[in-house]
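K.L.:
Quick one: structure below, then a few questions.
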Amino acid sequence: MKVEWKGCFRLGVTVFLTFLAIHYWSSLTGFVGVLFGAASSLILGCVIAYVLNILMSFYEQHYFPKSQNSKVTGNRRVVCLLGAMLTLVAVVVLVILLVVPELVSCVRLLVAEVPEAIDAAIDWLEESGVLASVMSEETVASLTAINWQEKITQMLQVLAAGVGGVAQVAVSAVSSTISVIAQFVIGLIFAIYLLIGKETLGGQLKRVTDHYLKPEWNEKIRYVVGIFDHCFHKFIVGQCIEAVVLGVLCIIGMTILRLPYAMMIGTLIGFTALIPVAGAYIGAAVGAFMIMTVNPLQAVVFLIFVVILQQLEGNLIYPKVVGSSIGLPGVWVLAAVTIGGGIMGIPGMLLGVPTVAAIYQLVRNDLNNRE
């Protein structure tokens, strides 16, 4: 058998690099972490550019698409990019104006109403005889004698003391805010550069891949990237539309049923609905507790309404708006949300569904081709 020195050399280099990676694994992971930390602003810029590109491409398709005027064609990219940025800023400001005050009011309401709700629940359980059946008289008496307002105040004081000094917290908050703002500004500038010259950058990347990659590998990579781009694009657009529709339907339904905090809870449910599958239930649980502090019966009515709305959303809205667009069955959506949330929290929930949808579509297409 003829020995090829190039093959032996490649094998030796591969074994050597594998040994180094295993032996210095902790140093390697630390270096990768530092590298990602240094490039965090650029990664954020790529994310911003991807979201802005969806709006910018939409505007470019409708900004005098048939015009041959040099002024129109020359400023189309700048005008559409500016329109996309203004749209995104308007959406963020609208969400902040609608959600943040409602969330602050929600927290204040919960803090103020929790003691009374606990006392009311204990009194109701005591009058119905439930506590007496599972607890002794001494335990029931101790529960009814607790000053829950005082206990909650003590808990807040313990939490505040555990956080640290006010000055230290303030300095840490200011430094973190400045760091986040600086990263966002750098990422936004990088995103603008990417979007303005995306054709040039795409041509350069195509030239590099055509020159250094084999044609079959080049074609496979572009095919995989195209599938992922399609799934993420459809998911982002569909999830935003679905969240808006669900929030509006919740506000309308609660207004018709004359339930309290309709705007607050509807906005909260619409905001949390951006998280696939589990988001609306989180908002519904908070909303039910808020309504229960006013009227427990209305809280039950609200839960029944939310269950009906979830069935409508799960069987009609989500499959039409999101599910059918990404082509992912419901069981895999739930699996993607669960695993993604366990790995990366809320960002994992958001990224898990389109990622699994892309993998699902790649595997399905490959099986169809093989069969």
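The values are calculated or read from the model by the stated rules, or taken from the named source; none is laboratory data. Fair warning: this is a prediction, and the values are worked out from it, not measured in the lab. With ideal geometry, Cβ positions are generated from the backbone for all residues, glycine too; neighbour counts draw on all protein chains shown.
K.L.:
Among the residues of the stretch 334-358, count how many are surrounded by fewer than 21 Cβ atoms within 10 Å (Cβ to Cβ), more than 16 Å from Val237 (Cα to Cα) and either out of contact with any helix residue (DSSP H, G or I) (no Cβ under 9 Å at 6 or more places or on another chain) or not small (Gly, Ala, Ser) (or both).
P.N.:
9
K.L.:
Just to be sure, is Val337 part of a helix (DSSP H, G or I) and at pLDDT 85 or above?
P.N.:
Spelling it out, it is not the case that Val337 is part of a helix (DSSP H, G or I) and at pLDDT 85 or above.
K.L.:
Taking Gly270, is it free of Cβ contacts under 8 Å to residues at least 40 places away in the same chain, touching a Cys at 6+ places or on another chain (Cβ under 6 Å) and part of a helix (DSSP H, G or I)?
P.N.:
No: the conditions fail for Gly270.
K.L.:
Taking the stretch 197-228, which residues are surrounded by fewer than 12 Cβ atoms within 10 Å (Cβ to Cβ) and closer than 24 Å to Gly74 by Cβ?
P.N.:
Glu199, Thr200, Gly202, Gly203, Gln204
K.L.:
Here's something else I'd like to know. Kindly evaluate Gly253 against the criterion of being assigned to a helix (DSSP H, G or I), modelled with pLDDT of 90 or more and within 30 Å of Tyr281 (Cα to Cα).
P.N.:
yes
To keep it simple, each residue is scored yes or no on (1) over 20 Å from Val180 (Cβ atoms); (2) in a loop (DSSP other than H, G, I, E, B); (3) modelled with pLDDT of 80 or more.
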position: Cys8; (1), (2), (3): yes, no, no
position: Leu11; (1), (2), (3): yes, no, no
position: Thr18; (1), (2), (3): yes, no, yes
position: Thr29; (1), (2), (3): yes, no, yes
position: Val34; (1), (2), (3): no, no, yes
position: Ser41; (1), (2), (3): no, no, yes
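Every residue, every condition in (1) over 30 Å from the mean Cα position of the chain (by Cα); (2) surrounded by 11 or more Cβ atoms within 10 Å (Cβ to Cβ), yes or no:
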residue: Trp25; (1), (2): yes, no
residue: Leu35; (1), (2): no, no
residue: Ala38; (1), (2): no, no
residue: Ile43; (1), (2): no, yes
residue: Tyr50; (1), (2): no, yes
residue: Phe64; (1), (2): yes, yes
residue: Ser67; (1), (2): yes, yes
residue: Arg77; (1), (2): no, yes
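K.L.:
Among Leu303, Leu259, which is the only one that is more than 30 Å from Asn365 (Cβ to Cβ), surrounded by 20 or more Cβ atoms within 10 Å (Cβ to Cβ) and over 24 Å from the mean Cα position of the chain (by Cα)?
P.N.:
Details: Leu303 fails: surrounded by 20 or more Cβ atoms within 10 Å (Cβ to Cβ).
So the residue among Leu303, Leu259 that is more than 30 Å from Asn365 (Cβ to Cβ), surrounded by 20 or more Cβ atoms within 10 Å (Cβ to Cβ) and over 24 Å from the mean Cα position of the chain (by Cα) is Leu259.
K.L.:
Also: Of all the residues that make up the stretch 180-224, how many are part of a loop (DSSP other than H, G, I, E, B) and not basic (Lys, Arg)?
P.N.:
Residues in the stretch 180-224 being part of a loop (DSSP other than H, G, I, E, B) and not basic (Lys, Arg): 2 in total.
K.L.:
Given the conditions (1) assigned to a helix (DSSP H, G or I); (2) more than 17 Å from Pro347 (Cβ to Cβ); (3) in contact (Cβ under 8 Å) with a residue 24 or more places away in the chain, report the number of the one that Ile236 does not fulfil.
P.N.:
(2)
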